[in-house]
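I have placed the structure first, in the form of C-alpha cells, so that the comments after it can refer back to it.
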Amino acid sequence: QVQLQESGGGSVQSGASLRLSCAASRSTYNLYDWGWFRQAPGKERQGVAAVATDGSTKYADSVKGRFTISQDNANNTLYLQMNRLKPEDTAMYYCAAGQAEVLSELLLPKAYAYWGRGTQVTVSS
C-alpha cells in the first residue's frame, strides 16, 4: 500500500503556471509507475502525464510542450509543472501509482491501483 497526497492546485488566469506535487507515504522507486490524471465535470478521467519505473515518460497530446512530469525520489514526491495554462486545463488533478504492463498503458487509469484525493486546478480566461 502507498498513500498519495496532492497539493499545489489553485485558481489562475490563462497563461499562468502551476506546479502540482504528490507526496507518497513510502518510496516508490523501481516499484511503481507514476501518473497524473485529470477529470473535468461530465468528462471521463484522462491521463495527463506519466513516468515509468525506467524513467520513460508519456504525455497527452493536449499538454505536450506545456506540462512536464518529474520526480524527487529522495523525498518520495512527484511533480507536474504546468505552463501556459488554458481554460480547458480546468479539472480535478489526481496523482496515481501503479504498474502498467506496457508503456502504452501509462496514461490509462486502469493501470493504477493507488490514487490521491485530488487537487483542483481552475484556469480562467
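The values are calculated or read from the model by the stated rules, or taken from the named source; none is laboratory data. Because the structure is a prediction, the values reported are computed rather than measured. No Cβ is skipped: glycine too gets one built from the backbone with ideal geometry, and neighbour counts run over all protein chains shown. Heads up: the accessible areas ignore ligands, DNA and RNA and are worked out on the full protein's heavy atoms, side chains in. Shrake-Rupley method; radii C 1.70, N 1.55, O 1.52, S 1.80 Å.
Taking the listed residues 84, 38, the one that is over 14 Å from the mean Cα position of the chain (by Cα) and modelled with pLDDT of 95 or more is 84, with no other qualifying. Do we find that residue 11 is among the small types (Gly, Ala, Ser), open to solvent by 70 Å² or more (accessible area, probe 1.4 Å), in contact with a strand residue (DSSP E or B) (Cβ under 6 Å, 6 or more places away or on another chain) and touching a residue at least 40 places away in the same chain (Cβ under 8 Å) in this structure? Here the answer is yes, as residue 11 does meet what is asked. Set side by side, the residues 100, 111 differ, and just one is modelled with pLDDT of 95 or more and in contact with a helix residue (DSSP H, G or I) (Cβ under 9 Å, 6 or more places away or on another chain), which is 111. Read through the list (1) in contact with a Lys or Arg (Cβ under 9 Å, 6 or more places away or on another chain); (2) in contact (Cβ under 8 Å) with a residue 12 or more places away in the chain, then give the number of the only condition that residue 19 fails. Only one criterion in (1) in contact with a Lys or Arg (Cβ under 9 Å, 6 or more places away or on another chain); (2) in contact (Cβ under 8 Å) with a residue 12 or more places away in the chain is unmet by residue 19, namely (1).
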